[in-house]
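Enquirer: Attaching a single structure in structure tokens format; questions to follow.
The values are calculated or read from the model by the stated rules, or taken from the named source; none is laboratory data. Quick caveat, the model's predicted, so the values are computed rather than measured. Here the Cβ positions follow ideal geometry from the backbone for every residue, glycine too, while neighbour counts run over all protein chains shown. Accessible surface is based on the protein model in full, side chains and every heavy atom, while ligands, DNA and RNA are left aside. Shrake-Rupley method; radii C 1.70, N 1.55, O 1.52, S 1.80 Å.
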Amino acid sequence: MEASELSLLTSNAALTRFERAAERVLERKFDATLERLRAEDERPGFGWVDNDTAMRLLNLSRPTLARYRADGTLPYAKLGASVYYRLSDLEAVLEARTVEREST
């Protein structure tokens, strides 16, 4: 085996380890976000969050959240100038965008 082939195999193995580690980090963040959503949703008489809270929970920018409203991705309620989202709808958006792990 030539040095270049060995170097390529080593870099591929390192990349695969990095990808697995990154995937674990993302899974933990996703799980933590779902836990926060569920915890908010379990408060008595609650179940709705404002725009700023939705942005924080989903880690989205204001324009992205506005686009999700405009294209129907995320249902919302509007009272005056304030926009509110059901926590269950935020969770549904996350679930719909969950990327299943590919077997390698």
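Enquirer: Does A13 fit the bill of being assigned to a helix (DSSP H, G or I) and modelled with pLDDT of 90 or more?
Expert: Working: assigned to a helix (DSSP H, G or I): yes; modelled with pLDDT of 90 or more: no.
So A13 does not fit the description; no.
Enquirer: Working carefully through the options E35, E40, E95, find the one that is at pLDDT 80 or above and either touching a Phe, Trp or Tyr at 6+ places or on another chain (Cβ under 7 Å) or not in a loop (DSSP other than H, G, I, E, B) (or both). Reasoning before the result, please.
Expert: Numbers: E35 fails: at pLDDT 80 or above; E40 fails: at pLDDT 80 or above.
The conditions single out E95.
For (1) more than 14 Å from the chain's Cα centre (by Cα); (2) of a type in the set (S, T, N, Q); (3) open to solvent by less than 30 Å² (accessible area, probe 1.4 Å), each residue gets a yes or a no:
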| position | (1), (2), (3) |
| --- | --- |
| L57 | no, no, yes |
| S61 | no, yes, no |
| S82 | yes, yes, no |
| L87 | no, no, yes |
| E100 | no, no, no |
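Enquirer: Quick check on A92: is it open to solvent by less than 70 Å² (accessible area, probe 1.4 Å) and within 16 Å of the chain's Cα centre (by Cα)?
Expert: On the way: open to solvent by less than 70 Å² (accessible area, probe 1.4 Å): yes; within 16 Å of the chain's Cα centre (by Cα): yes.
Yes.
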